[in-house]
Structures are given as C-alpha cells and as structure tokens.
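Scroll down for the structure; my scribbles are underneath it.
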Amino acid sequence: MYYLGVMRRPLLAVLALLATALLAGCGASASGEPASATQPPSRFLGTELSPARAAPPIALHDARGNPVTLAAQRGRYVLVTFIYTHCPDVCPLITQNLNAALRNLGAQQRGRVRVLAVSVDPKGDTAAAVRAYERRMHLVPQFRYLIGTRSELRRVWKAWHVLAVSTKPDLVDHVAYTALVDTTGKERVLYDSSVKARQVLHDLRVLLG
C-alpha cells in the first residue's frame, strides 16, 4: 500500500519510520494511524515533532529552470512533500489538498507560505510533464514543483529519508509524507499520505497567528 502512518512519538522513532517505510506502490488505499490516547494533546492536527528539528537542505529547480532552495524560503512556512506527475491516485490527492490549503489561506497569508513538491520520478517528471500537471491541477504560484537530475534528487531523498523505486513504467513506489517547516527552517509537523486540507489550514493558522 501507498502510505506512511505516523503517531505522536519520539523523534527517533519518527525518523526510523521515514527511513524504513518502502511503500508497495500506487493504486492502493491510504489511511491514517490514530493518535494514542496516552499522548498529551497537541495544538496541531498533524503530528507535532517535539523537539523540532532542522530541516535538511533542498536545492533543485522548477519546470521553468528557476533555481529553488529551501534556505531561500526563510521567513516563510514551507510544506515539503514528495510526488510524481504520473501517480494514479495518492499524489494527486496530496497535491489537491495542499493546493486547497493555500487557496483557502487568503492572499495575504498565502504570501507567507510555500509548497515545495519534490519529484520522486526523475525520468517521468520532465519540465513539460510538470507544466502540464500544474495546469491540470490548477496550482497556485506558491506551489512549486521541483525537479532535477537523478543524482540531484537522490541527494534530497536521502536527506529527507525518502525511498523511491521505479517498479514498472510510469509507476514509482515511494515514501509519501509532508513536512511543515517553520520560518526558521525547522520541521514542526508531519502528515502522512492521507493529509487533508483542513489539517494543514488549521496548523498554518496556528503558526501564522
């Protein structure tokens, strides 16, 4: 199945999940893992990382050749996720939900937020394929789809504990999660592959104040 479920738990356990969860492919269902009743309440609807950790670097480019780095986003809240354009089900849902969260923020707050969607398919995610995907999904300008060479993308995958394996033409098995990075460059909240717009919107508004 194509899913990463994360409970509120110590950071090392979360990282262990991200490092070891190789998913069996697109086309299966995605569901969230319920939070334990023994855990203290969180002000976030996603899984809060406590303590927050420094987000790994990202240095890629968009479908128009513009360089994009995570470091350049300091002062903004950034949602980092991992998708590909030919995904038949889960990636479009992640894209729709993150894009909907941006749209519902309103113009002023939206300017303080970015989505950095990192490709997990260096072969299929050509510049033309990504531009077509952006049009098809009606992505707002604050949603940046990042591509690169296989070696460039692998560096990012490794730093973010993402496994991506091409199993057949146009199908990639990969870890699917989204991280919310704060204005200082620290990961604050994680979402699994069933991330919803209302969760992200709520948590962004908590941080935006």
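The values are calculated or read from the model by the stated rules, or taken from the named source; none is laboratory data. This structure is a prediction, so every number in the text was calculated from the model and none was measured. Cβ placement follows ideal geometry from the backbone for every residue including glycine, while neighbour counts extend to all protein chains displayed.
Go through the stretch 102-136 and count every residue that is in a helix (DSSP H, G or I) and either of a type in the set (Asp, Glu) or under 13 Å from the mean Cα position of the chain (by Cα) (or both).
1
SER194 fails exactly one of the following numbered conditions: (1) within 16 Å of ARG114 (Cα to Cα); (2) among the polar types (S, T, N, Q); (3) touching a Phe, Trp or Tyr at 6+ places or on another chain (Cβ under 9 Å). What is the number of that condition?
Of (1) within 16 Å of ARG114 (Cα to Cα); (2) among the polar types (S, T, N, Q); (3) touching a Phe, Trp or Tyr at 6+ places or on another chain (Cβ under 9 Å), only one is false for SER194: (1).
The conditions are (1) modelled with pLDDT of 95 or more; (2) of a type outside the set (Phe, Trp, Tyr); (3) surrounded by fewer than 23 Cβ atoms within 10 Å (Cβ to Cβ), and PRO169 fails exactly one of them. Which is it?
The number of the failed condition is (1).
Keeping to the stretch 137-193, report how many residues are part of a helix (DSSP H, G or I), under 20 Å from VAL68 (Cα atoms) and of a type in the set (A, V, I, L, M, F, W, C).
Residues flagged as part of a helix (DSSP H, G or I), under 20 Å from VAL68 (Cα atoms) and of a type in the set (A, V, I, L, M, F, W, C) within the stretch 137-193 amount to 4.
Out of everything in the stretch 191-209 that is crowded, with 23+ Cβ neighbours inside 10 Å and in contact with a helix residue (DSSP H, G or I) (Cβ under 8 Å, 6 or more places away or on another chain), what residue ends up being modelled with the lowest pLDDT?
Ranking the candidates gives SER193 first.
For the list (1) touching a strand residue (DSSP E or B) at 6+ places or on another chain (Cβ under 6 Å); (2) over 21 Å from PRO88 (Cβ atoms), I need the number of the one condition that TYR191 fails.
Against the list (1) touching a strand residue (DSSP E or B) at 6+ places or on another chain (Cβ under 6 Å); (2) over 21 Å from PRO88 (Cβ atoms), TYR191 comes up short only on (2).
Only one of (1) within 18 Å of the chain's Cα centre (by Cα); (2) closer than 21 Å to ARG188 by Cβ; (3) modelled with pLDDT of 95 or more fails for GLU33. Which number is that?
Single failed check for GLU33: (3).
Kindly indicate whether GLN108 is modelled with pLDDT of 95 or more, of a type outside the set (A, V, I, L, M), over 20 Å from VAL165 (Cβ atoms) and surrounded by fewer than 18 Cβ atoms within 10 Å (Cβ to Cβ).
no
Which of the residues belonging to the stretch 70-93 are closer than 19 Å to TYR177 by Cα and either of a type in the set (Val, Ile, Thr) or touching a Ser or Thr at 6+ places or on another chain (Cβ under 7 Å) (or both)?
Scanning the stretch 70-93 gives TYR77, VAL78, LEU79, VAL80, THR81, ILE83, TYR84, THR85, VAL90.
Only one of ARG74, ARG43 is at pLDDT 95 or above, more than 15 Å from the chain's Cα centre (by Cα) and either β-branched (Val, Ile, Thr) or over 19 Å from LYS158 (Cα atoms) (or both). Can you tell me which?
Step by step, each of ARG74, ARG43 is checked, and only ARG74 is at pLDDT 95 or above, more than 15 Å from the chain's Cα centre (by Cα) and either β-branched (Val, Ile, Thr) or over 19 Å from LYS158 (Cα atoms) (or both).
Quick test for you: out of ARG144, ARG136, ARG131, pick the one residue that is surrounded by fewer than 19 Cβ atoms within 10 Å (Cβ to Cβ) and either aliphatic (A, V, I, L, M) or under 23 Å from ALA72 (Cβ atoms) (or both).
Result of the check over ARG144, ARG136, ARG131: ARG131.
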